[in-house]
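The values are calculated or read from the model by the stated rules, or taken from the named source; none is laboratory data. Since this is a predicted model, take the numbers as computed values, not measurements. We place every Cβ from the backbone using ideal geometry, glycine too, and count neighbours over all the protein chains shown. Surface accessibility is based on the protein's heavy atoms, side chains included, excluding ligands, DNA and RNA. Shrake-Rupley method; radii C 1.70, N 1.55, O 1.52, S 1.80 Å.
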Amino acid sequence: MSADLVVRGGTVVDSAWEGPADVLVSDGVVAALLARGTPVDPDVPVVDARGRLVLPGGVDPHCHVGFTSGEYTSLDDHRECTTAAVFGGTTTIVDFAIPRPGQRPLDVARAQRAKIPAGLCDAALHGCVVEWDDTTADQLRVLADEGVRTIKMFTTYRGESMADESTILRTMAALRDLGGMVVVHCEADHIIVDSQEHAAGVDRIGAGDMPATRPELAETASVAEVLAIAESQRTPVYFVHQSTAAAVELVAAARRRGLRAYTETVAHHLLLDESSYAGPEPERFVCCPPLRARESVEALTRHLFTGEISTIGSDHCCYDTAQKREHRHDVRQMPNGLPGVETRLATVFSEFVVGRGLSLTRFVELTAANPARANGLYPRKGSLMPGADADIAIWDPRLAWTVTAAQLHQATDYTPYEGRRLTGRPTTVVVGGRVVVDEGELVDGTARGRYVPAGDIPAGPVQ
Ligand code: URP
Ligand code: ZN
Ligand code: ZN
């Protein structure tokens, strides 16, 4: 049998199956899963996966590349972000095209899409609507035709990217007929502004005061409102970075009523808690929603096991410590967000698969298959079944290592996981049938990033 590559001797883990198999790659896609040791043409290059897991490359559904908000722009470009992604075992990112005040969603999406070929791996794109005008419906139609079917909206960040409720409703209604979906950051801005004003009034508005400035209630209130809008329109909806069990449970209840509704969590809300704000450099942990109390984190993580969490993203935002420090005495002026595209898979694997018995198939479901499914990228991405792109993370489940920013590839000088001991990481990573990282070294730095257009997102209940 001839082919480009065979991954031999490993244990293949897909979202619904795991077992010993060799993966035959031809023309950049998975050609076949073979019984271990099935003879292939001796000229076919072999990637040795003995003693390791063979996973579909991770799909990060929430990754901001070179993201501008307020006075700050996060520090990576597509090449840097995807280099870090690939070293971490992620082979598809979904980036955002978020208009600055006065910009058109379609123009911003096309400009952001034009950057994807510089990447080491493929990328899809979320568009974004902030304000509704006479042209928005047409822009959404063109975006959907061009494969941008997930539209990010915010219920916070007034004057920057916040949309009002009627804009959310109109966008949902328009997307229903286009096979699209709103992807929403829910934090009720009025509650946040009020909390911040109280905090500022008693001089408790610094990075260390982050939790009180963005209470859990702000998230729950906004999720309830957005769910009601989605139910009124019978449209699918995807909640990004849900940080509380209460918010997750609202979405689960709506799903049981027949709404296609997804919960995304992000690694830092599962791995870190608000005690980070009591440390010496709380600014390193400033993100929205903020890290939550330990009991809240425990309640949230339980839903990895109940099945109510659909996906795990990174919400990667590559600011450095100088940017984080500058306004650390006033969170209202700080850049929000944490770097994490490279550590998403390994932190979750170590904590929940190694540490708490999450199954391998559920790990793949949460970090690769479901992000691809929810965003219209499956089965091309997030799977190792024949026909899928040959994006493969060969993973050593026993390798113990210590996270340190100096050894990561993210374009920043820090990681929120500095010094953390982890077990498990990718050793070799294949992108589109080419070995890009081999035994921890970059062996092919060719820019081959392809834009992956999203397919139709159905409106009916999640099966
Ligand atoms: O703090 C965060 N999450 N920053 C990135 C922008 C967003 O809200 O997703
Ligand atoms: Zn957000
Ligand atoms: Zn984000």
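Order these peptides, 360-368, 225-233, 120-128, by their mean beta-carbon neighbour count within 10 angstrom, highest first. Could you put the intermediate results ahead of the total?
Numbers: 360-368: 23.4, 225-233: 18.9, 120-128: 27.0.
Averaged packing, sorted descending, gives the order 120-128, 360-368, 225-233.
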Would you mind checking which residues have amide H under 5 Å from L5's amide H? H placed 1.01 Å from N; only 5 or more apart, or other chain. V25
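Give the value in nm², to one decimal: projected area of the alpha carbon convex hull of the chain, averaged over all directions. All intermediate terms of the calculation are to be shown ahead of the outcome.
On the way: hull surface 78.7 nm².
Computed as one quarter of the Cα hull surface, the answer is 19.7 nm².
What fraction of the DSSP beta bridges in segment 57-374 is antiparallel, stated in percent and rounded to the nearest 5? Numbers along the way, then the final one.
Details: 2 of 29 bridges.
Looking only at bridges with both residues in segment 57-374, the antiparallel portion is about 5 percent.
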I'd like the carbon and sulfur percentage of the solvent accessible area for segment 57-374, probe radius 1.4 Å, heavy atoms only, ligands and nucleic acids excluded. 49 percent
P(r), alpha carbons of segment 276-410 - 10 Å bins starting at zero, rounded %: 10, 33, 36, 18, 3, 0
Once you charge only the Cβ atoms, +1 for Lys and Arg and -1 for Asp and Glu, what is the size of the charge dipole of segment 57-374 about its Cα centre, to the nearest 20 debye? 860 debye
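Using the alpha carbons of segment 246-307, what is the convex hull volume per residue in cubic angstrom, as a whole number? Please list the in-between numbers first.
On the way: hull volume 4.8 nm³, N = 62.
Hull volume over Cα atoms, normalised by residue count, gives 77 Å³.
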Quick check: convex hull of the Cα atoms in segment 84-232, volume per residue, rounded to a whole Å³? 143 Å³
Find the accessible area per residue for the chain; the probe is 1.4 Å, ligands and nucleic acids are left out, and the unit is Å². 36 Å²
Compute the acute angle (0 to 90°) between the alpha-carbon long axis of helix 189-201 and the principal axis of greatest extent of the alpha-carbon atoms of the chain; round to the nearest 10°. 70 degrees
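Quick check on the chain: helices-only [θ] at 222 nm, where DSSP H runs of length 4 and up contribute -39,500 (n - 2.57) each and the sum goes over total residues. Nearest 500, please.
Working: 14 runs with 127 residues, N = 463.
Here the helix-only value at 222 nm equals -8000 deg cm²/dmol.
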